[in-house]
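*Asks:* Have a look at the structure that comes next, please.
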Amino acid sequence: MLADLHFLQPAWLLLIPPLLFAWFWRLGGMLNWPALLPPARLRFPPLANMTTSQQRLPKPSYAKRAGGFFVAGLIVAVIGLAQPAVNTTTAADTAKAEPVDLILLVGTAVTMNLRDYIANGERVSRMTMLKQLLADFVNHYAGRRIALVVLGDPPALWLPLTQDKGVVLDAISRLRTALGGRLSDTGGALKMIAEAFSGNDEKVVVLITDAGLQLGSLSPEDGAKLVKAKGMTLHTIAVGSADPAAAEDTTTGLLYEPVNLQLMQQLATIGGGRMYHALDTEHMQQALQEIETLHRHPAAPATTHQLVQPLYPWAIGTAIFLFLASMLLSRQPATLPGSEK
């Protein structure tokens, strides 16, 4: 235990030599040590007629002992201020790799209402599948922040970057087809992201759409170039089937439009990212997980912290005891002639 003993504030120990010097100087009669409390006195009128030579002061041994306890208390208090401590155990702090900020650009065009996915033996729409998988992804997301942008005409910032998963889940649950209009302005949405989310922090844009019914003055390719110029990475996840035979047999009043894989691949290439085709729910989930894994920062090296047990409470308690003993000894009453045997 003594081998592990150390002081967290050792500079306080420099006060100990001056205290010892003052104590030895006082023993030599060159210094009058201040009394902690005034000496005890008794008021008794007949004593006024007695000469001072008949009275006796406290025994010198009491004064020496009181001064010794006082100096010892000061030294122990200084040791307490130096914060003595002993090493106990060590704790390792391993920082996990952390993904960068994700900006989800979700398509809400009317074509997202097409039902070309099969879940549990039933057809589900592209939007229904998208919302379910995004909610599951957010629940297991271990990164910093997520933002949500609606890919419509015009595009809209649905949710700024936030760490609150509850807010993100609520925003996802309120997504609807045609929320931002029946068509999509992909170029305008990418331009808005490049302007709204510029900064020094690395950001990743994930475009999730079927790339159908495009409209806008800026082409999607030019929008991807703007995002890349801002230092962001653009990944694309194509939602829906590329096979016209996957269309639903029933008449829904909406012409079937396969996903535009060529456009999605071009945007990913320009944005420096990857293109994923969500053929089913499993592919969609794997794409989101892979994107998160690709952009994790390297894990910081593990750091070890030494845990210590402080001992200064014992020193402070001992100092208080020594001060009390010094006060009691300094208040020894005077003795009268004949009272000492």
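*Asks:* With bins 5 Å wide starting at 0, give me the P(r) of the range 101-294 over every alpha carbon pair, in whole percents.
*Replies:* In whole percents, the pair-distance histogram is 1, 8, 18, 22, 22, 16, 7, 3, 1, 0, 0.
*Asks:* Still on this model: Going by amide H atoms built from the backbone, whose H comes under 5 Å of the H on LEU218, apart from near neighbours?
*Replies:* Residues meeting the criterion, in which the H sits 1.01 Å from N, are GLY188.
*Asks:* Could you list PHE321, PHE69 in order of exposure, starting from the residue whose Cβ has the fewest other Cβ atoms within 10 Å?
*Replies:* PHE321, PHE69
*Asks:* Kindly identify the range 90-205 as rounded, prolate or oblate by the Cα gyration tensor criterion: order the square roots of the eigenvalues as a ≥ b ≥ c, call it rounded if a/c is under 1.5, otherwise compare a/b with b/c, prolate if a/b is larger, else oblate.
*Replies:* Cα axes put the range 90-205 in the oblate bin.
*Asks:* Each label point is 7 Å from the Cα along the Cα-to-Cβ direction; what then is the distance between the points at THR293 and ASP164, in nm?
*Replies:* According to this spin-label approximation, the distance is 3.2 nm.
Every read-out reported here was derived from the displayed coordinates using simple, explicitly stated rules and does not represent laboratory data. Computed from a predicted structure; not experimentally measured. All Cβ positions, glycine included, derive from the backbone under ideal geometry; neighbour counts span all protein chains shown.
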